[in-house]
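Report on the structure given below.
What follows is calculated from the coordinates using simple rules that are stated; it is not laboratory data. Being a predicted model, the structure only gives us computed values, none of them experimental. Don't worry about glycine lacking a Cβ; one is built from the backbone with ideal geometry, like all the others, and counts go over all protein chains shown.
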Amino acid sequence: MKSSFLGHGKVILIGEHSVVYGYDALALPITSLHIKTTVEPSEKMWMDTAHYQGPFFMAPDEYDGLKYVVKTMLKKAASQAALKITYTGEIPIERGLGSSATVALATTRAMNDYFHLNLTETEIINITNHAEMINHGKASGLDAATVNSDCLIFFNQKDGPKPLRSKLQATLLIMDTGDLGSTKKAVTQVHKLLNESPTAQNNLEQLGRLADETKTAWLNKDAATVGSYFNRAQEILHSFNLSTGKIDQLQKIALANEALGFKLSGSGLGGIVIALCRNEDDALKIAHKCQNIVAHSWIEEI
């Protein structure tokens with residue numbers, strides 16, 4: 001017997017970091033980026049990924065969230081079965097594309113199917129969220145909600161995810177800087193800054209309000225205004241020392257070539273950036289000018 005689940009990635013459009021403190025955020029599933037998790041019988045517990053092949057529970061610390069998922073699902077199944085769990089796909093790790101949430105969710109769903117557990121959606125998301133807490137120290141639930149969605153979501157910790165199926169009628173260029181970010185380091189850095197600086201606290205509140213304003217502009221299909229909110233959000237994230245020289249360089253290129261807005265996406269300190277464009281032609285032009293700086297780029301019609 002074998003069970004598999006194909007999980008997809010995500011990008012945060014606006015509200016990263018502020019969402020951890022209860023404010024709203026907007027995030028978009030990226031179904032073209034995915035990881036497949038396959039569960040099958042084995043002679044011993046075994047993990048097979050692009051970066052690690054070996055005994056499951058001896059995997060490096062960055063897999064601790066997955067270890068939690070597997071232990072939890074085995075306990076729920078009242079099973080001591082030995083399994084081989086294989087991960088194949090193309091979501092770069094530590095980039096802000098939701099790779100850790102994707103594999104946690106996919107592992108939970110694949111094992112739920114394998115053991116015929118019939119867990120509820122709430123149970124599945126709770127397990128995924130707890131794995132994210134282990135991975136990142138503090139998790140809002142946004143990543144888990146977005147990799148579990150097939151459309152744009154508006155999210156806060158109190159109300160959870162709300163689907164938004166309205167299209168902005170614009171184009172999003174996603175670029176991978178090729179530099180590893182660290183969610184745990186970034187979240188700790190922002191937390192320290194908030195404790196020390198009233199200005200940072202005000203900026204965090206403004207970042208949270210920008211998510212609400214972006215939602216309104218999105219529903220009005222006002223891409224130019226959404227772009228201006230992206231730019232202001234990037235100013236705030238830059239003030240939190242989350243940008244890098246490469247991100248600043250990409251911002252200059254994008255805005256000089258007709259991007260409506262630009263910002264980092266995710267925790268920062270590397271990872272991915274997003275540029276809002278009027279159309280695919282503008283996005284392709286910016287991607288071409290940035291091709292020698294970035295590792296990868298993707299274009300999504302939004």
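Along the stretch 236-245 the Karplus relation, 6.51 cos²θ - 1.76 cosθ + 1.60 evaluated at θ = phi - 60°, assigns HN-Hα couplings of 5, 5, 5, 5, 7, 6, 9, 7, 9, x Hz to successive residues, with x for each Gly and Pro.
Close amide H contacts of PHE154 (hydrogens built in the peptide plane, cut-off under 5 Å, sequence separation of 5 or more or a different chain): LYS162, LEU164. Largest GNM mean-square fluctuation among ASN195, ASN129, ASN112, using the chain with Cα springs under 10 Å: ASN195.
Once you have the Kirkwood Rh of the stretch 3-163 from its Cα pairs, apply Stokes-Einstein at 20 °C and 1.002 mPa s and quote D in µm²/s. All intermediate terms of the calculation are to be shown ahead of the outcome.
Values: Rh = 15.7 Å.
Value of D from the Cα-based Kirkwood radius: 137 µm²/s.
Relative to the longest principal axis of the Cα atoms of the chain, the long axis of helix 183-196 lies at roughly 50 degrees. Residues in the stretch 264-276 carry Karplus couplings, in order, of 6, 10, x, 6, x, 6, x, x, 10, 10, 10, 10, 8 Hz; the curve used is 6.51 cos²θ - 1.76 cosθ + 1.60 with θ = phi - 60°, and Gly or Pro positions show x. Computed over the alpha-carbon atoms, the chain gives an Rg to Rh ratio of 0.98, Rh here being the Kirkwood radius from the mean inverse distance.
Taking amide H atoms as placed 1.01 Å from N in the peptide plane, the amide H of LEU13 lies under 5 Å from those of LEU26, ALA27, LEU28, each 5 or more residues away in sequence or on another chain.
So how much slack lies between ASN279 and ASP248, counting 0.36 nm per residue of separation and subtracting their Cα-Cα distance, in nm?
Values: separation 31, 0.36 × 31 = 11.16 nm, distance 2.26 nm.
Result: 8.9 nm gained on full extension.
Calculated on the alpha-carbon coordinates, the convex hull of the stretch 96-137 measures out at 60 cubic angstrom per residue.
If the segment from SER42 to MET1 were pulled out straight at 0.36 nm per residue, it would be longer than the present Cα-Cα gap by 13.7 nm. Calculated on C-alpha atoms, the gyration radius of the stretch 69-151 divided by its Kirkwood radius gives an Rg/Rh of 0.96. Taking amide H as placed 1.01 Å from N in the peptide plane, the amide H of LYS84 sits under 5 Å from that of GLU40, SER42, TRP46, each at least 5 places away or on another chain.
At a temperature of 37 °C and a viscosity of 0.692 mPa s, determine how fast the stretch 50-99 diffuses translationally according to Stokes-Einstein, using the Kirkwood radius over alpha-carbon pairs as Rh; express D in µm²/s, rounded to the nearest whole number.
Values: Rh = 12.5 Å.
Reported coefficient: 263 µm²/s.
Calculated FRET efficiency, LEU180 and MET58, Cβ-Cβ r, R0 35 Å, to nearest 0.05? FRET efficiency, LEU180 to MET58: 0.95.
Highest GNM mean-square fluctuation among LEU269, LEU168, LEU66, for the chain modelled with Cα contacts below 10 Å: LEU168. According to the calculation over all Cα-Cα pairs in the stretch 166-301, the P(r) per 5 Å bin from zero is 2, 11, 20, 22, 20, 15, 8, 3, 0 %.
Can you compute the equivalent ellipsoid semi-axes for the stretch 1-66, i.e. the square root of 5 times each eigenvalue of the Cα gyration tensor, sorted largest first and rounded to whole Å?
Details: eigenvalues 195, 53, 19 Å².
Semi-axes (√(5λ), whole Å): 31, 16, 10.
Shown for VAL294, VAL103: other C-beta atoms within 10 Å of each C-beta, ranked fewest to most, produce the order VAL294, VAL103.
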